[in-house]
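Notes to accompany the following structure.
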Amino acid sequence: MLGNLKGLLVTLSSMLRKPVTYQYPKEHKPIENRYMGFPVLMWDSQISEPYCTGCMVCVRYCPTQCMTAVMKDNPLHAEGVSKRRKIVDSFEINFGRCIVCGICVDVCNFDAIEMSHEHELSKYARNDNRSDLTRLLEMGRKYQEETDWKPKTNAKESEEEASS
Amino acid sequence: MVDQDINKKLDTVQMMVNMGPQHPSTHGVFRMVLAVDGERIVDVEPHIGYLHRGSEKLCEGEIYVQIVTLFDRLDYLSNLNNEMVFCRAVEKLMELEIPERAEYIRVILCELNRVASHLLFIGTFGLDVGAMTPSMYMFRDREKIQSMFEAVTGARMMHNYIRIGGIKNDVPDDFIHRMKSLIVELKKGLEEADKLLSFNEIFLARTKNIGTMSAKMAIEYGVSGPSLRASGVPIDIRKDHPYSIYDRFDFGIPIGEIGDCWDRYYVRLEEVRQSISIMEQALYQLPDGDTITPTRFLLRPPKGEVYVRGENPRGEIGVYMISDGTDKPYRVKVRPPSFCNLMTIKDLLIDTYVADAVVILGSLDIVLGEVDR
Amino acid sequence: MSLIIDVGMRVSLILGLLTGLSVVVLSLVWVERKFLGRIQMRMGPMVVGPYGLLQPVADAIKLVAKEDLLSPWVDRIVYWIAPLAVFIPSFMIWVTIPISRDIVIRNMDMGLFYIIAFSVLSIVGLVAAGWASSNKYAVLGGFRAAAQLISYEIPLIMAVLGVAMLAQSLNLQEIVNQQDTYVYALVQPLGLLIFFIAGLAEIGRTPFDIHPAESEVVGGPFVEYSGAHWSIFFLAEYINTFAVAALTVLMFLGGWLLPGLSGGAITTVGVLVFFAKTYLVILIIFWFRGTFPRLRIDQLMSFGWKMLVPLSFLNIILTGCYMFYGWPAWLMSIISVTILASVFWLVSKRMNNTKKEYTVHIYKPESLEVKNAG
Amino acid sequence: MAEKDKAEEAIEPINRLDAKSIALQAMLPGIVSDFKVTINTAFDLVVVAVEPEEIKQICLLLRDNDETAFDYLLLLCVVDYEDYLQVVYHIYSTSLKHTLVVKTNVSPEEPSLESVTPVWKGADWYEREAHDLFGVSFNAHPSLSPLLLYEGFEGFPGRRNYEMPEYKEW
C-alpha cells in the first residue's frame, strides 16, 4: 500500500513543477553547435565560386550513393582569378536518401561540403528533396552566415597542391 | 446420452490470436501467434523478419568506414555501443593502439548510451504494465541525454562518431561541466522512477513471479545481458573479459534472484546506477591527449578472422569478421543479443495470461532492428 | 393542451440533460488531458483555443466528421445497437441524480435502486460490441468487461446498501439531506472506499482499465469502432465517470451541503458546491490514472471477491449493528477506520514478509583492482 | 578463382592467444582424440576443424566434459567460401570463461549437417537463419520454417553468388 501512496506523491510533486515541453512549431529546441544536418556546399566568397571542384570523392565514399557530381574546367582559372583548375558543374544530393553520416565531410579535400544545420526539409513529393547545385549553395551560404565557418588550414594547402 | 450431448455442445476450441506486427506493445514489428484458451496462453509461434534489411550481406559490399553507419542502425537504441564493437573488431585485427583520451570518451558515451537505453526500457515497460506516466518521465530524462549526444557527436541517434582508431573529434569544451550536471539530473529522474514504479503493489503483482527464467534455461538459450543476470548468473563482459578500459573502474554487476520480470526490470534500473558511477569515475580520470590514431581512409586490415565481444545494454554483442586483405570485409556476422533473448519467448509465454505476454516481452527488452538485422 | 405542454416540457428536459451532459463530458476531456499533462510534466492541449480549451470540441467535430469504417464480417445489427446499449443506461441514470436541492429531473423514492439497476445494463452493450466486431481482441475485451463488471457490481451494491441503511431511504435528495450534521464519509469510511474502488472498476478506469487495456487488447470492445459510433462509447465512458463521482459526492461527501450554507442559498450555491466536489473526486480518478499500472484480470477478480466482497459484507453488518443498537456515530467511524487500518497493515505486512525477494544484489568480484589513468 | 585463393589465405593462423586459450589448446587434443580434428588458431581464439558428420558428437563432448564445459553458444555462423560452406560455432564456457571456435565444412550443393539444438537450445534460430540465408539444412531440427525471409522465397541471399534483384530508384 505504501508503494501506491509513494507513487501518488511523486506524480503530485511533478505536477507542481514546470512542464518541460517545447511548443514545437512556435518554439524550437536550441540547436547545438555541432549539430549535423544535411550536407550542403560551401561558397568561397573571396573569389565568388564554390569550393567544390567536383572531384567525386564524396560521391564514391557515400554509403547510400545519394550524390552525383560533374566537373568542368574553371572559367575563372583561365582568367587567373581563381586557383582552382576544375570547378563543379552540377551537383545533386538526394536528401531523401542521405543518412547524415558525415563521411562526405570527412573525405572532402577541399572543405567544400559541410554538415549544415538544415533539418526541417519535409516536402510533399518524394523527390522534392533532390537538391541541385544552386539550392545546395544557397543553403551553404545560409549556414556560413549563421555560423562563422572558416575553411580548415590543411584544406587550404591541399587546395593549393591540387591547383598547382 | 444426455451427458454426451452436453459434452458435444460444450466442445471448446482454442482461439488463435495474432499479436503483431502492428500491435502497440510488441516493441516494433515482432509478431506472435498465440493460441489462447480463454485468457491463458496455450501455444506461441513467434515470427520475426519484418525488419530484415540484410545488414550482414550489405557489409560485404561496403568499405570498413561505411560499415560503421550500418552498425548504427542495428540496435537503434544503443548506437554507440554497436559502433564501438565494430570499431574494436577492426582495431583488433589491425592491432591499432587507441589514444587514452579516446578510450575514455568512448566509455563515457557508451555508458551514457546504456543509460539512455535502459531509461527507455523502464518507460516502455511501465507502458506495457499499464502505467503511462513513467514513460513520460523517462523520455524527459532521455531527451537530456540526446541533447548531450547532439552536442558531442552532432547527431541525436545515428552518430557515426566512434571511428576506427579513435573517435571523430574531441568533445566540446564544456563537456565535463555539462556531464556533471546531467548526471545529477539523471540520478534525480531515476529516483523518481524508482519511487513511482518499482515497489508499487500493483506493479509487483503484475511482474513478480511472471515469466520466470531459470539460470539453466537462460544459459541453454544463450541469453545474455541483464536478462541473464536477472536469473542470477553473474556474467558481464565488462568484468569477465574487460575490453577497452573497463578494468579501471570500480563497479558492480546487479544480479537478480529468480529471473522473473521484476528482476529483469530492477536489474536494469540498478545497472543505470552502476553506469552513472562508471561515468563519474571516467570523467574524473579523463586524461588529455589525442583522440584518434590516424589511419588511411581506405583501410586494408590484414587477412584473418576475429571475434570481438562487447556488452550492449541488451546483452552481449559479438562481431565475427573475416578480412581477406581487401578494403571490404569478406564476411561480417553479428551476434545480436536481442535475437538470443527473444528465442526464449516461447518457453516463457506458455501457461501465462495474455496480459502477461505483453509484460514478459517487454521485460526482455528487444529491439527488432537488431533481431532481424 | 396541457398534454402538449407536458410532453414538450419533458422533451426539452431530456434534450437539456443531453446538452448539459455533453458539455460536462467536453469539460472532462479537457480536464483529463490537462491534468494528465501536468502530471507528466507536459502542457496538454495548447493550440486550439486559449489553453486548448476548444480541443475537445475540435475532437468531437473530427470524430463526427470521420469516415465510419466497417469490417465486412461484423454482425451489423448488434454492432450498431451496442453503442446505444452502452450509452442509454449511462444517460438514463442521470434522470434521478440531483445536482442541488430540488434541481433534479425526476425525484424518485427508489432512486438508488433505479441507478444501480440501470448501470448494470451497460455490460450487455460492451459484450455485444465485443462479439459483433468479429475481432478477437474485441471478444477478449468483451469477456473481460463482463467478468469485471458483474463481479464488481456486488461490492458496489453492498456499499450503496450501507448508505441506504443509514439514511433509511433510497431517495438521493433524502440521503443528502440526512447528511447535514455529518457527512457519511465520516461514519462509513469503509463504505466510501469500497464504493470508490468498485466504481472505478465499473467504469473501467485505471488501475482497472482492463477491458480497454491498450497495451494488451488494444482498446478491447472498441477496437473496430470508429467515428461517431466510437464517440458514443467515449461519451458513455465519461458520463459514467461523472456519475460515479457524483454518486460518491451525494452519498458520502454531503452533496451540495456545505457548512455555513443554509436557507435558500443551498439551491443556487449548492449547484456550485456539488460540481466543485464532483470535479475534485474526478481529479482524484484522473490522478490515479496518471500514477498506477493496470491489474491483470485474474488479480482483479481475486481482489474483488477476496477483499472487497467480504469487506462490504462486514460494512453491512457493522451498519446493521450501529442502526440496531443505536451506537454513537463516532464509534462507527472508529471501528471502520480500525478495520481499514488493519487491512492496510495486513497487506503491508504480507509485502514486508516477502520484502527479501524484492532486491537485487550487486555482485563484485574480489579480484578487482581500481587502476588510475596513467 | 582468385577470390577463392584469397579466402583460403584469409584463415591463415595468426597467434595472439591469451593464457586461457593456450591452456585450452594444450588440453584439447586429449579430449577430442577419438575424432578426426585439426586444431588451429585464429587470432586470439583456438579453432577446431571437424568433420561435418561428427559435429554433434563433438559438441556434446565439449559441453559435457568438465574440463571444457562449453555450455553457452555464442554464435552460429555460415561463411560462404564459394567452394564450400563453412559453419562456424563460437562456444563459451560460463564457468571456466574460455572460448572456442568449432568449424566444419559442407558442400554448397546440398549442404546438410546434424543440428546442435539438442546440445544448445540457443542454436534453434541461428540454424533457421542459416537455412534461410545459406540453404544449409540441419537434420533433426524441430522446424526449419523460414525465419527472416517470407515463405516461398527463392534462392539463398546470404551466399556470395546470389544475384541481387534489380534496384530501381523511385
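For chain B, with a Gaussian network of springs between Cα atoms less than 10 Å apart, report the residue from B:VAL319, B:VAL65, B:VAL13 with the top mean-square fluctuation.
B:VAL13
In straight Cα distance, which aspartates and glutamates are under 14 Å from A:LYS150, not counting same-chain residues fewer than 8 positions off?
Within reach: A:ASP44, A:ASP111, A:GLU114.
Give the lysines reachable from D:LYS121 as a straight Cα distance under 29 Å; neighbours fewer than 8 places away on the same chain don't count.
B:LYS57, B:LYS208, B:LYS216, B:LYS239, B:LYS333, B:LYS346, D:LYS20, D:LYS36, D:LYS56, D:LYS97, D:LYS103
Only Cα pairs within less than 10 Å get springs; with that Gaussian network setup on chain C, which residue of C:LEU126, C:LEU318, C:LEU235 has the largest fluctuation?
Most flexible of the set in this elastic network: C:LEU318.
Scan around D:PHE35 for amide H atoms under 5 Å from its own, H built in the peptide plane at 1.01 Å from N, and keep only partners 5 or more places away or cross-chain.
Answer set, sorted by chain and number: none.
In terms of modelled amide H atoms, which long-range or inter-chain residues lie less than 5 Å from the amide H of B:VAL17?
Placed amide hydrogens put B:LEU34, B:ALA35, B:VAL36 under 5 Å from B:VAL17.
Give me a comma-separated list of calculated 3J(HN,Hα) values for segment A:99-112, in order, Karplus coefficients 6.51, -1.76, 1.60 applied at θ = phi - 60°, integers in Hz, x for any Gly or Pro.
9, 6, 8, x, 5, 4, 5, 5, 7, 5, 8, 10, 6, 8
Over all residues in C:33-41, what is the mean tally of Cβ atoms on other chains that come within 10 Å of each residue's Cβ?
6
Just D:ASN40, D:ASN139, D:ASN105 to compare: in a GNM of chain D, with alpha carbon springs under 10 Å, which one fluctuates most?
Looking only at D:ASN40, D:ASN139, D:ASN105, the largest GNM fluctuation is found for D:ASN139.
If you project the alpha carbons of segment C:1-65 onto their three principal axes, what span does each projection cover, largest first, in Å?
Principal extents (largest minus smallest coordinate, Cα): 58, 25, 18 Å.
Before rounding to the nearest 500, sum -39500 (n - 2.57) across all DSSP H runs of length at least 4 in chain C and divide by the residue total; then give [θ] at 222 nm in deg cm²/dmol.
-22500 deg cm²/dmol
What does the highest-first list of C:168-174, C:302-308, B:335-341 look like by mean Cβ count within 10 Å?
The peptides rank, most packed first, as B:335-341, C:168-174, C:302-308.
Cα convex hull of chain B: mean projected area in nm², to one decimal?
Orientation-averaged projected area of the Cα hull: 20.2 nm².
If you wrap a convex hull around the C-alpha atoms of segment D:13-108 and split its volume per residue, what is the figure in Å³?
It comes to 90 Å³ per residue, whole-number rounded.
Amide H to amide H under 5 Å from B:SER224: which residues, 5+ apart in sequence or cross-chain, H placed 1.01 Å off N in plane?
When sequence neighbours closer than 5 places are left aside, the close amide H contacts are B:GLU316, B:ASN341.
Over its Cα atoms, what ratio of radius of gyration to 2.2 N^0.38 Å does segment A:31-151 give?
In units of the globular-protein estimate, segment A:31-151 measures up at 1.03.
Can you give the mean number of other chain Cβ atoms that lie within 10 Å of the Cβ atoms in peptide A:34-43?
For peptide A:34-43, the averaged partner shielding equals 3.
Sequence neighbours fewer than 8 away in the same chain don't count; with that in mind, list the lysines whose C-alpha is under 23 Å from A:LYS123.
Once the sequence-local lysines are set aside, what remains near A:LYS123 is A:LYS26, A:LYS29, A:LYS142, D:LYS168.
Which value does Rg/Rh take for segment B:214-340 over its C-alpha atoms, Rh per Kirkwood?
Looking at segment B:214-340, the ratio lands at 1.05.
If packing is taken as the mean number of other Cβ atoms within 10 Å per residue, what is the order of C:259-266, B:128-135, C:77-84, highest first?
In descending order of packing, they fall as B:128-135, C:77-84, C:259-266.
Please give the direction-averaged projected area of the C-alpha convex hull for segment C:1-121, in square nanometres with one decimal.
For segment C:1-121, averaging the hull's shadow over all directions gives 12.3 nm².
Over its Cα atoms, what ratio of radius of gyration to 2.2 N^0.38 Å does chain C give?
Here the Cα radius of gyration is 1.13 times the empirical estimate.
Could you work out the relative contact order of segment B:52-349? I mean the mean sequence separation of Cα pairs under 8 Å and 6+ apart, divided by the number of residues, in percent.
Reported as a whole number, the value is 27 percent.
Run through every distinct alpha carbon pair of segment A:1-96 and return the Kirkwood hydrodynamic radius in angstroms, one decimal place.
18.5
One-quarter of the Cα convex hull surface for chain D, in nm²?
Mean projected area of the Cα convex hull: 11.8 nm².
Compute the distance in nm between two label points, each set 7 Å from the Cα along the Cα-to-Cβ direction, one at D:ARG16 and one at C:THR267.
Label-label distance for D:ARG16 and C:THR267, simple model: 9.3 nm.
Report Rg(Cα)/(2.2 N^0.38 Å) for segment B:1-123, keeping two decimals.
1.75
Which value at 222 nm does chain B reach when only helices count, each DSSP H run of 4 or more adding -39,500 (n - 2.57), with the total divided by all residues and rounded to the nearest 500 deg cm²/dmol?
-15000 deg cm²/dmol
Let me check I've understood the local charge: for A:ASP106, count other residues with C-beta under 10 angstrom from its C-beta, Lys and Arg +1, Asp and Glu -1. What total comes out?
+2
Please report Rg (one decimal) and Dmax (integer) in Å for the Cα set of the protein assembly as shown.
33.9, 115
Work out the mean other chain Cβ neighbour count within 10 Å for the residues of B:148-159 and drop it here as an integer.
Neighbouring Cβ atoms belonging to other protein chains average 4 per residue here.
Only the coordinates and a few stated rules stand behind these numbers; no lab work does. All of these numbers come straight from a predicted model, not from anything done at the bench. With ideal geometry, Cβ positions are generated from the backbone for all residues, glycine too; neighbour counts draw on all protein chains shown.
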